[in-house]
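Student: Supplied in structure tokens, the structure appears directly below.
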């Protein structure tokens with residue numbers, strides 16, 4: 001579905017804006033503001049509606065909304081004093097200037113006032129009844145007409161589309177709403193392919209971004225495998241399976257599934273970019289960079305591409321890392337993953353105040369996103385604010401659980417730490433191929449005074465691809481351990497790996 005506003009074409013599913021065949025790049029939040037204005041046209045969107053439907057938070061100030069409108073106008077080449085696209089309605093909000101056309105499925109209509117999902121479903125229900133009356137010859141037990149079947153199917157499609165709109169807001173409340181909508185869609189049409197795909201994606205997004213549970217992870221994986229069973233050559237289904245596996249820390253399986261996805265469809269840029277992220281985690285930095293660039297050349301729109309490139313370059317101390325961080329922040333100024341990775345960059349360079357500043361840019365419900373709270377806790381800990389750190393780790397739930405155990409153990413309460421280690425030995429975690437999991441376990445072990453186990457966990461992390469020396473050095477729980485001979489040997493090993501990757505990258509950058 002697309003909206004046309006004068007010379008602008010806004011592709012809602014693809015989240016793209018084009019003018020005269022050229023793309024107008026918008027950050028996620030700016031696109032969401034524009035989408036809200038288009039959906040409401042020609043009506044005015046109030047500040048409260050923006051707070052509710054775009055930011056998802058009541059405390060967003062009018063100045064914040066005005067600044068976002070200013071950024072949107074700048075990107076569109078619009079002016080406040082002579083508006084071509086967006087006008088200010090004094091004391092009321094903002095509205096679109098001119099007529100908006102909605103184009104979808106082969107027809108075009110002037111769009112005046114959007115219907116709610118419930119209203120559209122009601123309209124379709126009435127339409128199906130009218131069709132039934134028009135074609136019913138009075139006999140019972142007749143098969144429903146194709147028109148009725150199409151109307152019923154479109155009801156499910158509407159719910160799926162609405163769920164995807166909720167997911168694009170990248171906030172916990174909207175993600176839960178999307179999951180509810182998709183479950184409703186599947187209650188009407190259990191075999192709907194796109195609804196099952198969207199539900200698996202939504203469940204995985206919830207577990208990776210906001211902290212879900214193992215039941216949701218397993219449900220997402222089961223849905224993905226079900227879809228592959230029905231369409232074995234569907235590249236998107238294989239990408240989805242890879243996504244669900246990665247969320248469970250099964251990196252090798254995830255990488256294999258992503259690779260198969262873009263082998264099936266060489267134009268699947270999202271699969272390439274996600275595979276590049278796995279390679280980054282596994283320490284294959286040069287390969288990750290090559291695949292990420294290949295994804296961009298294929299026309300990928302992954303909002304994490306720039307921050308992933310920055311991570312790769314930062315690990316090999318390349319000066320362009322800063323350039324790519326700035327690009328990531330410019331394109332997605334309030335995106336949770338981007339803010340989190342930049343905060344991690346500050347923490348690994350012993351700049352906790354800078355980390356807190358960047359995390360403060362998260363908007364709405366994202367201020368309470370688990371990874372934001374966890375990183376704020378790490379920054380507070382680096383600043384010596386122990387009670388604040390404890391509170392933040394508790395609020396972060398599963399994301400902050402290991403940090404909280406390590407902090408309490410470092411303060412003398414190591415009972416929980418010892419029990420956690422007993423249940424999660426290096427041997428027990430052999431199936432978890434996510435290096436960060438083993439680093440977190442090393443921090444708990446070191447905090448309880450078990451240096452032998454801590455070194456075993458760190459060794460496993462390095463075996464799995466951990467290459468971030470600075471993070472280890474700046475860890476408040478590993479400071480003593482990192483002075484030991486065993487840790488020094490691991491650092492030397494990482495440095496050898498990074499030196500090799502640096503040479504590979506230098507050759508690549510010189511010839512590109």
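The values are calculated or read from the model by the stated rules, or taken from the named source; none is laboratory data. This is a predicted model, so every value here is computed, not measured. Cβ placement follows ideal geometry from the backbone for every residue including glycine, while neighbour counts extend to all protein chains displayed.
Student: Mind listing whichever residues of segment 177-212 are more than 19 Å from residue 241 (Cβ to Cβ) and either at pLDDT 85 or above or not in a helix (DSSP H, G or I) (or both)?
Tutor: Those that are more than 19 Å from residue 241 (Cβ to Cβ) and either at pLDDT 85 or above or not in a helix (DSSP H, G or I) (or both): 177, 178, 180, 181, 183, 184, 185, 187, 188, 189, 190, 211.
Student: How about segment 1-32: which of its residues are in a strand (DSSP E or B), crowded, with 18+ Cβ neighbours inside 10 Å and out of contact with any strand residue (DSSP E or B) (no Cβ under 8 Å at 6 or more places or on another chain)?
Tutor: Within segment 1-32, no residue meets the criteria.
Student: A further question on this structure: If I filter segment 408-435 down to residues being in a helix (DSSP H, G or I) and touching a residue at least 60 places away in the same chain (Cβ under 8 Å), which single residue comes out as farthest from residue 487 (Cα to Cα)?
Tutor: Step by step, filter segment 408-435, then rank; the result is 410.
Student: Which pairs do you get when a residue that is assigned by TED's automatic domain parsing to the domain that holds residue 37 and more than 22 Å from residue 11 (Cβ to Cβ), found in segment 81-110, comes within reach of a residue that is modelled with pLDDT under 90 and part of a loop (DSSP other than H, G, I, E, B), reach meaning Cβ atoms under 7 angstrom, with the pair 6+ apart or on two chains?
Tutor: Between residues of segment 81-110 that are assigned by TED's automatic domain parsing to the domain that holds residue 37 and more than 22 Å from residue 11 (Cβ to Cβ) and residues that are modelled with pLDDT under 90 and part of a loop (DSSP other than H, G, I, E, B), the close pairs are 88/80.
Student: Answer yes if at least one residue in segment 436-447 is within 30 Å of the chain's Cα centre (by Cα) and in a loop (DSSP other than H, G, I, E, B), and no otherwise.
Tutor: Within segment 436-447 (the criterion being within 30 Å of the chain's Cα centre (by Cα) and in a loop (DSSP other than H, G, I, E, B)), the answer is no, since none of the residues qualifies.
Student: Would you point out the residue of segment 246-266, among those that are out of contact with any helix residue (DSSP H, G or I) (no Cβ under 7 Å at 6 or more places or on another chain) and not in a helix (DSSP H, G or I), that is farthest from residue 277 (Cα to Cα)?
Tutor: 266
Student: Could I ask something else about it? Among the candidates 66, 35, 75, 92, which residue alone is crowded, with 17+ Cβ neighbours inside 10 Å and in contact with a strand residue (DSSP E or B) (Cβ under 9 Å, 6 or more places away or on another chain)?
Tutor: On inspection, the qualifying residue turns out to be 35.
Student: Given the condition assigned to a strand (DSSP E or B) and out of contact with any helix residue (DSSP H, G or I) (no Cβ under 6 Å at 6 or more places or on another chain), answer yes or no: does some residue in segment 48-56 qualify?
Tutor: No - not one qualifying residue is present in segment 48-56.
Student: Here is a check on your reading of the model: is residue 380 modelled with pLDDT of 95 or more and crowded, with 24+ Cβ neighbours inside 10 Å?
Tutor: The answer is no for residue 380.
Student: Moving to a separate point now. Is it the case that some residue within segment 358-376 is out of contact with any strand residue (DSSP E or B) (no Cβ under 7 Å at 6 or more places or on another chain), modelled with pLDDT of 95 or more, within 21 Å of residue 308 (Cα to Cα) and not in a helix (DSSP H, G or I)?
Tutor: no
Student: Evaluate segment 310-330: report whether one residue or more is surrounded by 17 or more Cβ atoms within 10 Å (Cβ to Cβ), within 21 Å of the chain's Cα centre (by Cα), in contact (Cβ under 8 Å) with a residue 60 or more places away in the chain and farther than 18 Å from residue 280 by Cβ.
Tutor: Looking for residues that are surrounded by 17 or more Cβ atoms within 10 Å (Cβ to Cβ), within 21 Å of the chain's Cα centre (by Cα), in contact (Cβ under 8 Å) with a residue 60 or more places away in the chain and farther than 18 Å from residue 280 by Cβ, one finds none in segment 310-330, hence no.
Student: If you check every pair at least six apart or on different chains, which have Cβ atoms under 9 Å apart with a residue in segment 492-512 that is more than 18 Å from residue 282 (Cβ to Cβ) first and a residue that is not in a helix (DSSP H, G or I) second?
Tutor: Between residues of segment 492-512 that are more than 18 Å from residue 282 (Cβ to Cβ) and residues that are not in a helix (DSSP H, G or I), the close pairs are 506/316; 506/318; 509/318.
Student: Examine segment 407-419 for a residue that is in the same structural domain as residue 482 (by TED's automatic domain parsing), modelled with pLDDT of 95 or more, under 24 Å from residue 245 (Cα atoms) and touching a helix residue (DSSP H, G or I) at 6+ places or on another chain (Cβ under 7 Å), and state whether such a residue exists.
Tutor: Looking through segment 407-419, none of the residues is in the same structural domain as residue 482 (by TED's automatic domain parsing), modelled with pLDDT of 95 or more, under 24 Å from residue 245 (Cα atoms) and touching a helix residue (DSSP H, G or I) at 6+ places or on another chain (Cβ under 7 Å).
Student: Of the residues 321, 276, 328, only one is within 25 Å of residue 18 (Cα to Cα) and touching a helix residue (DSSP H, G or I) at 6+ places or on another chain (Cβ under 6 Å); which?
Tutor: From the options 321, 276, 328, the qualifying one is 328.
Student: Next up: Identify all residues within segment 173-191 that are within 14 Å of residue 223 (Cβ to Cβ) and in contact with a helix residue (DSSP H, G or I) (Cβ under 6 Å, 6 or more places away or on another chain); write none if there are none.
Tutor: Matches in segment 173-191: 179, 182, 185, 186.
Student: Pick from 308, 330: which is more than 24 Å from residue 471 (Cα to Cα) and assigned to a helix (DSSP H, G or I)?
Tutor: 330 is the lone residue from the list that is more than 24 Å from residue 471 (Cα to Cα) and assigned to a helix (DSSP H, G or I).
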